[in-house]
Each structure stands twice: as C-alpha cells, then as structure tokens.
1. Considering only residues that are surrounded by fewer than 16 Cβ atoms within 10 Å (Cβ to Cβ), over 24 Å from F153 (Cβ atoms) and acidic (D, E), look in segment 70-126 and name the one that is modelled with the lowest pLDDT.
2. Among the residues of segment 144-169, what is the count of those that are under 18 Å from the mean Cα position of the chain (by Cα) and at pLDDT 85 or above?
3. What number of residues in segment 29-69 are of a type in the set (K, R) and within 14 Å of D89 (Cα to Cα)?
Amino acid sequence: MAEKRQDSAGEARLQEEAGLNERLFASLYAELRRLADSKLRQYPGMTVSPTTLVHEAYVNLAGREGTRFSDRGKFLSYAARAMRGLLVDFARRRQALKRGAGLEITQLDTHIDAPPADGVELERLAGALDELAGFDPRLAEVVDLKYFCGFSFAEIAALRGISERTVQRDWEKARLILYRQVGEA
C-alpha cells in the first residue's frame, strides 16, 4: 500500500514538472522561434523550418522525465543545446546523401558572423562543444547562448547573473579551446 502511494506521488511530481515546463515553453515560444529563425538563416542549406526546429526541441524536452528548470536562462540554454543537436542531426542526414560527392573540408571560422560552410564543420563544432561541456559546462553554455542562440554578451550576463566582462572572458576562452579541438580533428 505504501509502495502504491509512493508511485502515485512520484507520478504526480512528474506531471507537475511537465506542466511547469509546458508553461515555460509556451511563455518563451515566440523568443525560441525567433532564435531558431535567426540560426537557420545562417545555414541556408537547412530544409527545416524554424517552427519545426522549435517543436522538435520541445519534443526532446517533453520526452525527458524529471527535467526541471530553475529559471529562464537554464531553459533557454537547454533549448539551445537541443536545437544545436537537431541541426547537427539534420546536417548529418543531408551529408549522408552527399557522401562520395568530393566534399572539401575547410578551416572552421569561429567568428559569430561566419557560419560553417556545411554540415561536416557543424558536426565537428558540435562534437568539440560536447567535449568542452564535459570539462567546463559554463563555457559550453556561453557558446550555446552566444553562437547558437545569438544572444549578446549583455543578455547572457543578465540571464546568468554575472558581469558582461566575465561572459566576454568565458567566450574568448571557449573560442580558443574550440579552435584547438576543431583544428586537431
């Protein structure tokens, strides 16, 4: 009997968390769609719409039990990682169709205004970013918010509750680390 009460209490908690995440997603939907639209403009070969990208990111979020976000910044950071993963998956599928077509791999430019030329470089960057997240999640979060979401340093500082200069230092450090990792690949 006590076991059944624990199970139902656990289910109730999960449903409550899902409801909170749904409300957070709904309140930030317009901003997420704007971010997805700006990211997709940087990758003209992507055949996915911003709406699809946002909805796929939500499906990713809804499929995870026990995921809870303490604030808007954490949610946007998670959404950015989910969208990045989806863009990488879409690029991989597109590249799978092109294999054998004489692809040329070039140096990855790390400036925010210069998007990767194709899915191969985006995939390499995502792998390097995952590796960076393994040893310094704070730096990886700055890259997700700056590069993949398009936030300014001031917006990131406000989201994270730190100074803009700290965000700039984290950005420069992350860029150097990623440049080395991608250069070695």
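1. E104
2. In the first step, residues of segment 144-169 are kept if they are under 18 Å from the mean Cα position of the chain (by Cα); the result is 144-153, 155-157, 159-160, 167.
Cutting the leftovers down to at pLDDT 85 or above gives us 144-146, 151-153, 155-157, 159-160, 167.
So the answer is 12.
3. Restricting attention to segment 29-69, the residues satisfying the condition of being of a type in the set (K, R) are 33-34, 39, 41, 64, 68.
Checking which are within 14 Å of D89 (Cα to Cα) leaves us with none.
Looking only at that region, the number is 0.
The rows are residues; the columns are (1) at pLDDT below 75; (2) not acidic (D, E).
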site: R5; (1), (2): yes, yes
site: E11; (1), (2): yes, no
site: L14; (1), (2): yes, yes
site: E17; (1), (2): yes, no
site: N21; (1), (2): yes, yes
site: L24; (1), (2): no, yes
site: A30; (1), (2): no, yes
site: A36; (1), (2): no, yes
site: L40; (1), (2): no, yes
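The values are calculated or read from the model by the stated rules, or taken from the named source; none is laboratory data. This structure is a prediction, so every number in the text was calculated from the model and none was measured. With ideal geometry, Cβ positions are generated from the backbone for all residues, glycine too; neighbour counts draw on all protein chains shown.
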